[in-house]
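None of the figures in this text is laboratory data; all of them are computed from the coordinates on show. Since the structure is predicted, the reported quantities are computational estimates derived from the model, not experimental observations. Methodologically, a virtual Cβ is constructed for each residue, glycine included, from the backbone with ideal geometry; neighbour enumeration extends over all protein chains shown.
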Amino acid sequence: MRTRFAATCVLALAATTALAACGSDDDGGNTGGDENVTLTVWDRSILRPEFGQDILATAFEEAHPGVTVEYIEQPSDIAQADQAFRSASLAEEGPDVVSLYAGGMVSSFADFLEPLDEHLSDEDIDALDGWDTVRQGFDPDGALLGVPFGAGTYFEVFCNTQNLAAAGVDASTPPTTWPEFLDFLASIRDGGQLPVMMGNQEGYTGAWVMAALVGGQIGTDGFFEMYAGDRPIDSDEFVEAYQAYQELFTTDRLTNPDAGSLTNGDGETKFFNGEGACFISGDWQDGPLDENLGAENVVTFPIPVLDSSSNVGAKAGGTASALAVTNYSDNKDLAIEFVKFATSKEMLDAYVEALQIEPSNHVDADVELIQNPLLRTQTEATQAASEQGPEFLIFPFDSIMPQQVNDLFYRMNAAVAGGQTSPEDAASQLQAEYENWQQSQ
């Protein structure tokens, strides 16, 4: 870890040197200089303290004497973080810069975000991938409400090879369809091991699984049709996916009995401590898995799709994060400068080097900085899926839909898993919530 930290510090120093002379072309707002300025950054575990505070904030302060970056972690619960940001923004007392999940969440907060079109040059835009996820309403001509951060993360199944071996199960040829996956888990159970360790109180695991099960049938285009109101959420495909997802919990002893009462973080901790053969999450776990279990003791593969899917082998995920500036910030120009600084080649390389959870989305990214074997395997699998066609990379339902619908989606995922709500009723409630949102627009 010392070697990685030292290399990261070198990258941060390079970024400070390269960008120290950068200034804003805008006339308004406070950019520091002789006056002491505090720039407030709210982060939803996207930048993370190891990078956002220790590296990015430090480098920006070094490059901007008189500026203090106040880095504030937000609640891990998405609905709580949403409410905190919305309430603060309504009172115009929120942050200068906020990290958000790209896609529907960015558009959902459009009333509070500064359009960046006039602040970004063609060179700025050409340097990064993922701009479609930060345009208002996914409209190609919509306002740029943020800047995409990172190449994206994809949803995965991780397996502890030591626990697989104890169960006598081989994962050298991983399952690619959901029925195969359930059979795979049953063989682990029959071998005396807990198949899946999970904390699904918030319903996040359900979101990742449903992205694959629904998306494998209708693709990203189908999710966009739902967003536009051209395809109902309570379609046969959505109900069928919920039914398949529910089997993970109704089939005897495939998950820990307390999955519904544990938070996602609780489930992570237990798996990192060696409990359970498998764990459903995403690429962002690569660093912690390497640190806790050792990458050599973990195998990873995409969440399988339904056997009726025409896109067997597809991966669900994509550009996941964005940095945005609030339109009520008193330090708007400095905030824009911070976002540009954070998404420079040097800082994105430092982010990859420090966290090892996703590649950089900069066109000149240093791919050699990807050292985690899990991330390398996943990056190669993503490239292989992409080569099969765009339909094999699925942008998730909750990255597209409005946040009002997503908040209910997470609750429905938990309720379907726990048997409190049927798949049919959950899909119907989501459709009704979408119609409520549509009428409010």
Using the count of nearby Cβ atoms within 10 Å as a rough guide to exposure, how do PHE109, PHE181 rank from fewest to most? PHE109, PHE181
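Based on a Kirkwood Rh over C-alpha pairs, give the Stokes-Einstein translational diffusion coefficient of region 147-193 at 10 °C and viscosity 1.306 mPa s in µm²/s.
On the way: Rh = 12.3 Å.
For the chosen part, D equals 129 µm²/s.
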Under Karplus coefficients 6.51, -1.76 and 1.60, residue-wise ³J(HN,Hα) of region 410-420 in Hz, glycine/proline x: 4, 5, 5, 4, 5, 5, 5, 4, x, x, 6
What is the pair-distance distribution P(r) of region 101-191, computed from all Cα-Cα distances in 5 Å bins starting at 0, with each bin given as a whole percent? 3, 12, 17, 13, 8, 5, 7, 10, 11, 9, 5, 1, 0
Can you find, among SER261, PHE60, TRP437, the residue farthest towards the positive end of the dipole of the chain? Put +1 on the C-beta of Lys and Arg, -1 on that of Asp and Glu. SER261
Segments 226-233, 392-399 sorted - mean Cβ within 10 Å per residue, highest first: 392-399, 226-233
Using the beta-carbon distance between ALA165 and ALA186 and R0 = 22 Å, what value does 1/(1 + (r/R0)^6) give for FRET efficiency, to the nearest 0.05? 0.80
Compute the orientation-averaged projected area for region 34-120 from the convex hull of its Cα atoms and round it to one decimal in nm². 6.5
Residue by residue through region 331-337, the couplings from Karplus 6.51 cos²θ - 1.76 cosθ + 1.60 with θ = phi - 60°, in Hz, x for Gly and Pro, are 10, 4, 5, 5, 5, 5, 4
Rounded to the nearest 0.05, what FRET efficiency is calculated for GLN383 and ASP230 with R0 set to 22 Å and r the Cβ-Cβ distance? 0.10
Applying the gyration tensor rule to the Cα atoms of region 308-441 (axes a ≥ b ≥ c; rounded if a/c under 1.5, else prolate if a/b exceeds b/c, else oblate), the class is oblate
Projected area averaged over orientations for the chain, convex hull of C-alpha atoms, nm²: 19.9
Of all DSSP beta bridges in the chain, antiparallel share, percent nearest 5: 60
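Classify region 173-225 from the C-alpha gyration tensor, please: rounded if a/c falls under 1.5, else prolate or oblate depending on whether a/b exceeds b/c. Don't skip to the answer; put the middle values down first.
Numbers: a/c = 4.55, a/b = 1.66, b/c = 2.74.
Verdict is oblate for region 173-225.
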Over the C-alpha atoms of region 402-441, what are the Rg and the largest Cα-to-Cα span, Dmax, in Å? 10.3, 33
Along each of its three principal axes, how wide is the spread of alpha-carbon positions in region 199-354, in whole angstrom units, largest first? 55, 45, 30
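If we sort 62-71, 334-343, 245-254 on the protection proxy, mean other Cβ atoms within 10 Å, highest first, what's the order? Each step should come with its number before you reach the end.
Details: 62-71: 17.4, 334-343: 24.2, 245-254: 15.9.
So the order, starting with the most tightly packed, is 334-343, 62-71, 245-254.
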Most fluctuating of LEU100, LEU430, LEU213 in the GNM of the chain (C-alpha, under 10 Å) is LEU430
Could you list the residues of region 169-196 with an amide nitrogen less than 16 Å from a label point located 7 Å from the Cα of ARG253 in the Cα-to-C-beta direction? 169, 183-196
With an 8 Å Cα cut-off and a minimum separation of 6 or more residues, compute the relative contact order for the chain in percent. 25
